[in-house]
Amino acid sequence: MPFNINTIIRPNIKNLKPYSSARDEFKGEASVYLDANENAFGSPLATNYNRYPDPLQFALKTKLSHIKGVPPRNIFLGNGSDEAIDILFRSFCNPGIDNVIIVPPTYGMYEVSANINDVQLKKVNLTLDYQLNLDGIAEAIDAYTKLIFICSPNNPTGNSINREDIETLLANFNGLVVVDEAYINYSRQKSFIQELTEYANLVVLQTLSKAWGLAGLRIGMAFASEEIIEVFNRVKPPYNINQASQQLALDALQNVSQINNWIKEILSERDKLVLALKSMAFVLDIYPSDANFILVKTTDANAIYNFLVAKGIIVRNRNKIELCEGCIRITVGTPQENESLLNTLRILVI
C-alpha cells in the first residue's frame, strides 16, 4: 500500500492556517518597507538587523541545495535538528493516542520530545552488535505507530546502521521513517538524501553543528518530500532562523574544502586515538565508529570519568545507558587535545 501522508498527519495540522508574516505576503525587493512594524532607523549594531529575516531562508537553502544535490523545496531548516524532531511529533502524533518507536541506545532527544508531546514511546533495543532488531520492530508496530527514529551513524555507539535494514522499514512501514544523519560527514556510508524520490515516507535529518563546526548557530536540516516539508513550514514559527545565523552559515558554506580537510584530519586522529587506547589495561573494547567520537568499554567508567574531570578533561560517561554499561564516549579533538587525554590516561591506575 503506497504511503499517504493524509493517513498520518494530525487533522488539526492538516487544516491549520499558518501565521502569515509580512515577509510571507511580500516577496521581492522594494525601496520602502512599511509593512512589518520594524524600526526603520536601523539597529545599534554595525550590521543592520532591524529587518526581519527571510522566513523560508531561500538563499541558505539554495546554497545547501548545490552542496547536497537536493532541491530547495525538499529542505527544511530548523533551530537545530531538535526543532525538526519536535515538529515531527507535533505534526504527526496525536497526544495520548499515537506512538513512536526508537531503538536504544540512541540520541536522547527523541524520548524527551515524545514525553513533552505526550506521545507513547516504544523502545526496541538494538542487537548486541548495535544493529536493528527488525523482528522486534515489526512486533512493536501497530495502527497507531506514526514514526520510527533511526540514528545512523548512531549516537552514542558511533556505528552506521545496516542500510538494507533501513530500506526494509521504508518499504514496509506506512508511517514516517526518520533517519538522523548528524554524523554522516564522517561515515563510509552514503547519505539517504538521494533516496527521497524513492521513498515518500523518508525524512532525513542532518546538521551544521558537527562537521561544519557551527554548533553555536543552531541550524539543523530536514530533507523530505515536498508535501512533508510543507507541513514543517506550516507548523514552524515564522522566523525560526535568525538573520545572523543565516548569513554566518552562508559564509561558512563557501569553505567546503576546509571542512573536507578537517574531516580527513579528524578521521586520522580517530584512528590514532583508537590504536593508543587499545594498549591501556582498563580498556576492554572500542566499538567501530563512523562518527567523530568513539565508544570505549572500560573496567570502571565512573572512576575513569571522575579521574579525567579532576584533571580538567571532560568526556561523556555512558555507563548508565542500557547496552553501554562500562562505557565512556570520547569526542575526537585536536592532536594536542587527544595527546593530552592519552598522556593523562597513561598515569591512571585502577
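Please treat every number below as a calculation from the coordinates, not as lab data. All values derive from a computational prediction rather than experimental measurement. Using ideal geometry, Cβ is built from the backbone for each residue, glycine included, and neighbour counts are taken over all protein chains shown.
Quick notes on this structure:
Here is a yes/no grid of residues against (1) crowded, with 18+ Cβ neighbours inside 10 Å; (2) more than 16 Å from the chain's Cα centre (by Cα):
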| residue | (1), (2) |
| --- | --- |
| Asn74 | yes, yes |
| Asn79 | yes, no |
| Phe92 | yes, yes |
| Gly96 | no, yes |
| Ile101 | yes, yes |
| Thr106 | yes, no |
| Ile116 | no, yes |
| Leu126 | yes, yes |
| Gln131 | no, yes |
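- Count of the stretch 119-148 residues which are closer than 24 Å to Ile184 by Cα, free of Cβ contacts under 8 Å to residues at least 60 places away in the same chain and not hydroxyl-bearing (Ser, Thr, Tyr): 10
- Among the candidates Ala281, Ala291, residue that is in contact with a helix residue (DSSP H, G or I) (Cβ under 7 Å, 6 or more places away or on another chain), closer than 24 Å to Leu128 by Cα and of a type outside the set (Val, Ile, Thr): Ala291
- Contacts under 6 angstrom Cβ, first residue in the stretch 268-288 being outside any helix (DSSP H, G or I), partner among the β-branched types (Val, Ile, Thr) and surrounded by fewer than 18 Cβ atoms within 10 Å (Cβ to Cβ), 6 or more apart: Phe282/Thr299; Phe282/Ile350
- Verdict on Tyr130 being farther than 24 Å from Ile229 by Cβ, assigned to a loop (DSSP other than H, G, I, E, B) and of a type in the set (Phe, Trp, Tyr): yes
- Only a single criterion out of (1) surrounded by fewer than 21 Cβ atoms within 10 Å (Cβ to Cβ); (2) touching a residue at least 12 places away in the same chain (Cβ under 8 Å); (3) of a type in the set (D, E, K, R) is not satisfied by Glu339, namely (2).
- All of (1) loosely packed, with under 11 Cβ neighbours inside 10 Å; (2) touching a residue at least 60 places away in the same chain (Cβ under 8 Å); (3) not hydrophobic (A, V, I, L, M, F, W, C) hold for Tyr52 with one exception: (1).
- Considering only residues in the stretch 56-70 that are in contact (Cβ under 8 Å) with a residue 12 or more places away in the chain and closer than 17 Å to Glu226 by Cβ, the one that is surrounded by the fewest Cβ atoms within 10 Å (Cβ to Cβ) turns out to be Gly69.
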